[in-house]
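S.K.: Please find one structure pasted underneath; my questions will follow.
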Amino acid sequence: MRQRIIAGNWKMNKTIPEAIELAKGVVEATKGTAAEVVVCPTFVCLAAVNEVVKGTHVALGAQDVHWEKSGAFTGKVSSDMLLSAGVKYVIIGHSEQRTYFHETNETVNKKVKAALAAGLLPIICVGETLAEREAGRTNAVVEDHVVGAYAGLSVADAMKTVIAYEPVWAIGTGKVATPDQAQDVHAFIRGGLLQRLYGADVAAALRVQYGGSMKADNAKELLAKADIDGGLIGGASLKASDFAGIVNA
Ligand code: PGA
């Protein structure tokens with residue numbers, strides 16, 4: 001049985017006091033859930049949010065990481081730094097990183113390897129744009145992202161990862177993929193790609209989250225699908241009650 005994982009990607013939102021407030025609300029509102037709950041604030045809020053969530057059922061995640069351990073990389077943050085702030089999960093390859101900040105399959109792969117080597121658990125984002133979907137290229141794009149991200153990763157390392165399937169056209173747009181559309185791609189990731197790359201046991205064990213306009217009122221239907229094991233939530237993670245509505249679905 002795969003434990004559900006619901007992660008809040010706060011993106012570039014919340015000052016430190018606001019982040020503390022939201023984290024307290026999430027801890028309170030999601031108590032007693034059977035799902036794994038993760039909050040991913042900005043780098044600057046990690047330490048403060050860790051003070052709120054440590055020792056609770058809520059885990060801490062970061063939104064990105066650099067692949068080098070340290071050195072002259074102005075503006076970047078390493079895996080060891082994240083670990084020292086109490087981070088467990090790290091989002092890698094988000095479409096906003098791919099679109100605005102030159103993220104490629106190669107940089108995703110380097111970040112995944114560095115995170116794993118340090119003991120962090122990557123949440124690897126994959127997904128097609130609207131133009132790619134309309135051109136019938138959804139599976140090809142998802143395959144390219146998955147194969148690129150996992151290049152050279154051992155079975156043991158692959159087992160520590162989570163995949164987030166996020167159709168770019170559904171992120172922040174209110175246009176959620178239908179449960180069947182999402183399930184089709186999740187089934188392809190698990191039954192097609194992971195099975196081919198790592199075999200049946202890994203394919204059956206890895207969790208694949210859906211992300212893109214997931215909300216309390218559509219979460220239940222999405223999460224009812226056989227291969228959808230959780231959610232990566234943007235907009236609806238910024239209010240504790242909205243986020244808890246998804247966790248409790
Ligand atoms: P959204 O974002 O829930 O606001 O669509 C999801 C994400 O980008 O992770």
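S.K.: Taking the condition over 18 Å from the mean Cα position of the chain (by Cα) and buried (at least 19 other Cβ atoms within 10 Å of the Cβ), does LYS14 pass?
M.R.: yes
S.K.: Still on this model: Restricted to the range 201-249, and to residues that are in a loop (DSSP other than H, G, I, E, B), away from the ligand (no atom under 13 Å from the Cβ) and open to solvent by less than 50 Å² (accessible area, probe 1.4 Å), which residue is farthest from LYS24 (Cα to Cα)?
M.R.: ASP227
S.K.: Does the range 136-153 hold any residues that are within 16 Å of ILE92 (Cβ to Cβ) and in a helix (DSSP H, G or I), and which are they?
M.R.: Result: VAL142, ASP144, HIS145, VAL146, VAL147, GLY148, ALA149.
S.K.: Okay, moving on. Give just the number: which of (1) more than 16 Å from the ligand (Cβ to nearest atom); (2) open to solvent by less than 50 Å² (accessible area, probe 1.4 Å); (3) within 20 Å of GLN209 (Cβ to Cβ); (4) without any contact (Cβ under 8 Å) to a residue 40 or more places away in the chain does VAL27 not satisfy?
M.R.: Looking at each condition in turn, VAL27 falls short on (3).
S.K.: Does VAL77 fit the bill of being farther than 22 Å from GLY230 by Cβ and open to solvent by 70 Å² or more (accessible area, probe 1.4 Å)?
M.R.: In short, no.
S.K.: Restricting attention to the range 105-135, and to residues there that are within 16 Å of the ligand (Cβ to nearest atom) and of a type in the set (A, V, I, L, M), which single residue is farthest from GLY212 (Cα to Cα)?
M.R.: Once the filter is applied, the top-ranked residue is VAL108.
S.K.: Quick test for you: out of LEU46, LEU121, LEU116, LEU82, pick the one residue that is modelled with pLDDT of 95 or more and surrounded by fewer than 20 Cβ atoms within 10 Å (Cβ to Cβ).
M.R.: The match here is LEU121.
S.K.: Here is a follow-up. For the range 137-180, what are the residues that are at pLDDT 95 or above, open to solvent by 50 Å² or more (accessible area, probe 1.4 Å) and farther than 23 Å from LEU197 by Cα?
M.R.: THR178, ASP180
S.K.: Kindly provide the set of residues from the range 66-96 that are within 16 Å of the ligand (Cβ to nearest atom) and either part of a loop (DSSP other than H, G, I, E, B) or free of Cβ contacts under 8 Å to residues at least 12 places away in the same chain (or both), ordered by number.
M.R.: GLY93, HIS94 - these are the residues of the range 66-96 that are within 16 Å of the ligand (Cβ to nearest atom) and either part of a loop (DSSP other than H, G, I, E, B) or free of Cβ contacts under 8 Å to residues at least 12 places away in the same chain (or both).
The values are calculated or read from the model by the stated rules, or taken from the named source; none is laboratory data. In this text, all values refer to a predicted model and were calculated from it rather than measured experimentally. Cβ atoms come from the backbone with ideal geometry, glycine included; neighbour counts cover every protein chain shown. Ligands, DNA and RNA are stripped out before the accessible areas are found, and what is left, the full protein with its side chains, is counted by its heavy atoms. Shrake-Rupley method; radii C 1.70, N 1.55, O 1.52, S 1.80 Å.
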